[in-house]
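Bear in mind that the values in this text are calculations on the coordinates, not laboratory data. Keep in mind that what you see is a predicted model, and the values were worked out from it rather than measured. Please note: Cβ atoms are built from the backbone with ideal geometry, for glycine as well, and neighbour counts cover all protein chains shown.
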């Protein structure tokens, strides 16, 4: 590899310049960066000159659809090229030519070097961050909490960059894709359920969506007190009953409170109505308690795992999912469905600090990537803004997500839940007649939940009516009367 370059005034930290030189030389030989777009990024190069060379390759691709040696050199401003000439002790054009001529593997084999590039970038990034932490930690006036938060965000960024080249297979022949599609159809025929994915446990939702699909993300949005946690947990319980392994990650509610909701939900199937708040306060009869104990035995049999922790980042979630998968495999199962409660509570990285729209976009894209990387269905609960409350008709719409980054674009399906009863309970009639109408309407819709499918890549948009007993966290098909 060419002399007189690389690690210009760089601390050692185990930097191997040949790793970067091999990739750059191969790309210069090919005169194209098409094969690495979206995988290799400028920040993956530790050596500043190599980073600038790659940036010019990307610029050449954008402007001229070429990353040839001549174009890359031409894109260096004269004054900058002169500075590099002095720093490396030879003409920049000669260094670029040496990169190409000294390449060992050529374009056919350079892809094997990409994991090494990403690994080196991450390793040195970790070393630099660790050094920064050590220096900051020696300051008696430093805020440890802020230091930990900043370090965590920095590590998130490093992990995200490392993961850039770690995706699974992404290119398939049409024959391979058709084989997989036919397998899904055959599975649906064998099940006789009319769905190609994991069951929602709610017949009308299954009919409208075909089930929860692996590698896809459903965003389930609602205002507070609409019952989104009850719906999310109920989906998980029903999917687990069908044999699917389910992970439920709660960033808000503790696992014991979720378990109480699960117990009241399961007991409801046995016509045992035990409100969630009665469990918390201990207002439970002996008969009801026996039923809850029986529900617990039923719950014990389900492949359902709960992780409770606030402030998780996307990187943290990836680690949690990997650990859940390990636990599930030891139990003879695997995580087929992941439910996250809720999206806005996920900690953002430092990349877009202060820009909430961009932060939420990064989070939603990260969740969808987790679904695809792990071949699981993702249900991300989402809290809608107060803007919904300003309308006379408070049913959520897609426009209520417009200020929430790219959630709508990232989601394969967007659904909202709405309970008219919640607003009727808060309202008061202006006079005796309107109060009577309000009370009468409240009785009619007390147990009605509207499941509004507002976006679906592979199906219709429609509203499905469901039954809900919010006090017992029980969501059922609408066959029960409202």
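Using a Förster distance of 30 Å, how high is the FRET efficiency between residue 425 and residue 345, based on the Cβ-Cβ distance and rounded to 0.05?
Here the calculated transfer efficiency is 0.70.
Could I have the simple spin-label model distance between residue 147 and residue 298, label points 7 Å from Cα toward Cβ, reported in nm to one decimal?
If labels sit at residue 147 and residue 298, their model points lie 5.2 nm apart.
In Å, the Kirkwood hydrodynamic radius of segment 17-163 over pairs of distinct alpha carbons?
It is 16.7 Å.
Would you mind ranking 200, 84, 305 so that the residue whose beta carbon has the fewest other beta carbons within 10 Å leads the list?
84, 305, 200
When you count, for each residue, the other Cβ atoms within 10 Å and take the mean per peptide, how do 34-46, 133-145, 451-463 rank with the highest first?
Those peptides, ordered most packed to least, come out 34-46, 451-463, 133-145.
For residue 64 and residue 375, what is the calculated FRET efficiency with R₀ set at 41 Å and r taken between the beta-carbons, to the nearest 0.05?
Between residue 64 and residue 375 the formula returns 0.60.
At residue 439 and residue 78, where each label point lies 7 Å from the Cα along Cα→Cβ, what is the point-to-point distance in nanometres?
8.9
Provide the packing ranking of 56-63, 125-132, 213-220, i.e. peptides ordered by the mean count of other C-beta atoms within 10 Å per residue, highest first.
My ranking of the peptides, most packed first, is 213-220, 56-63, 125-132.
Full-extension gain between residue 446 and residue 395, please, as 0.36 nm times their residue separation minus the C-alpha to C-alpha distance.
Result for the pair: 16.8 nm of gain on full extension.
List residues of segment 381-422, by number, whose backbone nitrogen lies under 12 Å from a label position 7 Å along Cα→C-beta of residue 463.
Only 393-397, 416-421 fall inside the zone, counting backbone N under 12 Å.
Which order do peptides 228-236, 113-121, 358-366 fall in by mean Cβ count within 10 Å, highest first?
In decreasing order of mean packing, 228-236, 113-121, 358-366 become 228-236, 358-366, 113-121.
Multiply the residue gap between residue 55 and residue 119 by 0.36 nm, knock off their C-alpha separation, and tell me the result in nm, one decimal place.
Gain on extension, residue 55 to residue 119, equals 21.1 nm.
Under a crude label model (7 Å from the Cα following the beta-carbon direction), how far is residue 356 from residue 385 in nanometres?
0.7
Can you put 445, 472 in order, fewest other beta carbons within 10 Å first?
Ranked by crowding around the Cβ, least crowded first: 445, 472.
Explain nothing, just the number: relative contact order of segment 197-476, from Cα pairs under 8 Å at least 6 residues apart, as a whole percent.
With pairs under 8 Å counted, the relative contact order is 28 percent.
Can you give the FRET efficiency for residue 16 and residue 139, using 1/(1 + (r/R0)^6), R0 = 25 Å, r = Cβ-Cβ distance, to the nearest 0.05?
My answer for the efficiency is 0.15.
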